Structure formats: C-alpha cells, structure tokens
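The structure that follows is given in the form of structure tokens.
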Amino acid sequence: EVADRHKRTVILKHMFTLKELEEDITMLLDLPEDVRAECEKLGKVTSVKVYDLSEDGVIAVKFKDELSAKACVQMMNGRFFGGRQVEATIYDGQTRYKSSKESSKAETVASTSDAQPGRSTNSHGSNDGDEARMEQYAQWLDSGN
C-alpha cells in the first residue's frame, strides 16, 4: 500500500533525455517551470523535481492534495512531450530516481526538497558540476543564442 504522503506525488517519465540536458543547458531551468505551469491548472503544486541523472527522463510533481495528483495522472499519461509519450503514475513510495543532488544517502522522490534541480556540495563549498555548467552557460550567452 502506498503511504498517503506519496499519493500526492506524480512521477512523469520520458519528459527529457540525458542528451537533451547536455545539449541545452537552459532546459534544466525551463522544464520545472513549464511542468509547474501546466500542473497548476489542476491544483496547488508544492514542488517540482527534475531527476537530471535519470535515464527515464523523470520529473516528480508533488501536489497539495491527492485529487489533484490523480487528475494530473489522467491528464499527462499518454500525452506526447518533446516527441516522446509521457508515462504518468502516482509515486510508489519505493523507487529511487537519480539526481545530481544525491549525497552519500540515496535521495527519494518523497523528500521535501524545493522545486529546483538538486546539487551536491563538495568540501570546498562549491557545487559539483555547477562550475562547468555555469561556464558552458556563460559561453552560450556570449554566443548570442
């Protein structure tokens, strides 16, 4: 049986590919905003989490109530996004998805993290991978795209 707190979380699969995230560095910022805007039509969204290391292109959307989560599954399951068919389900409370925020303890979708994609902090206080991504982003901005 799925715990009540998990019944408010929807898992959206096939929302992106790892290659797309590599090629378009702004996608990691745009995806949560776009998903939140679409899902807010159904009810109050408390968080949107992009599992940016997930090969299944997973985004978790947590709603304030269970009814909104069920409506999201009905609206999103089978829908096409970016040329891929989305699989929408209520979170099973067990499956772990990969995020760049993972620390030594495995992170679960049920965490109360904010809507921003995760990052892990190294011993120097900077974020692993963030410096390279920021440099890439700066180069992209400078190129005028």
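Bear in mind that the values in this text are calculations on the coordinates, not laboratory data. On a predicted model such as this, the values are computed, not experimentally measured, just so you know. Backbone-built Cβ (ideal geometry, glycine too); neighbour counts: all protein chains shown.
Return the long-range amide H neighbours of SER47 (sequence gap of 5 or more, or a different chain), with a cut-off of under 5 Å between placed amide H atoms.
LYS62
Then there is this: Excluding ALA71 itself, calculate the net charge of residues whose Cβ lies under 11 Å from the Cβ of ALA71, where each Lys or Arg counts +1 and each Asp or Glu counts -1. If you can, show how the numbers build up before the last one.
Working: positive: LYS41, LYS70; negative: ASP65, GLU66.
Neighbourhood net charge equals 0.
Another question, if that's okay. Find out how many positive minus negative residues lie around VAL58, taking Lys and Arg as positive, Asp and Glu as negative, among other residues whose Cβ is under 10 Å from that of VAL58.
Here the count lands on -1.
Quick one: length gained pulling THR95 to LYS64 fully straight, 0.36 nm per residue minus the C-alpha distance?
Values: separation 31, 0.36 × 31 = 11.16 nm, distance 2.09 nm.
Extra length available between THR95 and LYS64 comes to 9.1 nm.
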